[in-house]
Structures are given as C-alpha cells and as structure tokens.
Amino acid sequence: MFVHFYKTTLTNEEILICIFAVRRVGSDFFCCDDDDPALEAPIITVPGTAVAVSTDASVDITFTLDVPGRFQSSSVSADVGNTVISSQPSAGATSGTLVVTYTAPSSEGIATVSLTVTDDSGASSTNTAAEKLMSR
C-alpha cells in the first residue's frame with residue numbers, strides 16, 4: 001500500500017491532495033487500507049448425501065456457491081467417469097448454483113466429483129461430492 005500527501009497553496013486556500021492505492025474486485029473498488037478485511041475464499045456446498053446413479057447413466061449434481069470475491073471460473077473432475085459443467089453463475093456473481101452432469105462408468109462402486117471455484121482475486125476453494133454407482 002502507498003499513500004502520498006501533497007500540499008500546495010492556491011489563492012490563500014490550502015489544498016491537501018491524497019493519492020492512495022485501490023483494489024478492484026469486479027466492478028467495485030476498495031481502498032487498500034491495512035484495516036480492510038480480506039474477502040473469504042469461495043464457499044462450495046455439496047449435496048448432503050451421496051447421489052445414486054446407475055452404471056453407464058448420467059445424473060446432475062447441484063453445488064451451491066457463495067463467492068464474496070465474485071465468481072470468475074470453475075473446473076470439475078471425477079476420479080472415475082466423466083463430468084461436464086452444465087450451468088454456472090455469471091462472471092461477477094456473488095452466489096448461485098453450479099450444475100455438473102456426471103456420467104458413470106460401467107462398474108459399481110463409489111465415485112467422487114471435485115469442483116474448484118476461483119474468484120476475481122484469484123482465491124479458490126475445492127469441495128467433493130460422492131456418487132454411489134449401482135448396476136441397473
């Protein structure tokens with residue numbers, strides 16, 4: 001952080017000019033004061049229980065997001081099977097839902113789907129949902 005004060009005299013009136021650093025988050029600007037609280041990293045809430053899916057079938061998994069630093073991007077992966085992000089919040093949103101379409105492999109078991117969300121300041125969080133893979 002830097003702060004510079006300049007003082008000049010203009011027709012017997014004193015003018016004090018203060019130049020300071022600011023931080024931009026989305027379309028908002030914040031003073032980079034040491035007293036400013038840091039924004040929390042994104043919070044990702046997963047479904048409360050394992051999602052059951054038949055082998056070789058697809059299911060949508062809905063994650064709830066709270067992104068104080070404004071949503072920027074997301075990525076998803078699975079230990080087995082395939083994942084695609086079907087919908088996500090708009091860039092700059094501070095909350096919303098993100099839907100992942102998960103396609104199970106042909107074998108039974110437990111699979112995990114991991115979602116990472118990054119905000120405008122570069123902070124990121126990851127959370128994992130479990131899927132129970134059952135034969136048809």
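The numbers here are math on the coordinates, done by the rules we state, and not lab data. As the structure is a prediction and not an experimental result, all values here were calculated from the model. Cβ: placed from backbone, ideal geometry, glycine included. Neighbour counts: every protein chain shown.
With an 8 Å Cα cut-off and a minimum separation of 6 or more residues, compute the relative contact order for segment 43-134 in percent.
37 percent
Order 66-72, 120-126 from most to least packed using the mean count of other Cβ atoms within 10 Å.
Highest to lowest by the protection proxy: 66-72, 120-126.
Using amide H atoms built 1.01 Å from N in the peptide plane, name the residues 5+ places from A57, or on other chains, whose amide H lies under 5 Å from its own.
A104
Around A129, what is the net charge, scoring Lys/Arg as +1 and Asp/Glu as -1 over all other residues with Cβ under 12 Å from its Cβ?
Residues close to A129 contribute a combined charge of -2.
What distance in nm lies between label points placed 7 Å from Cα along the C-beta direction at V99 and T49?
Taking the simple label geometry, V99 and T49 are separated by 2.2 nm.
For segment 117-134, just list the computed ³J(HN,Hα) in residue order, Karplus coefficients 6.51, -1.76 and 1.60, θ = phi - 60°, integers in Hz, with x standing in for Gly and Pro.
Whole-Hz 3J(HN,Hα) from phi for segment 117-134: 10, 10, 9, 4, 8, x, 6, 9, 9, 10, 9, 10, 10, 9, 10, 9, 8, 10.
Could you give each residue of segment 46-61 its phi-based ³J(HN,Hα) in whole Hz, using Karplus coefficients 6.51, -1.76, 1.60 with θ = phi - 60°, and x for Gly or Pro?
So the J values, rounded to whole Hz, are 9, x, x, 10, 4, 8, 8, 9, 6, 4, 6, 10, 10, 8, 8, 10.
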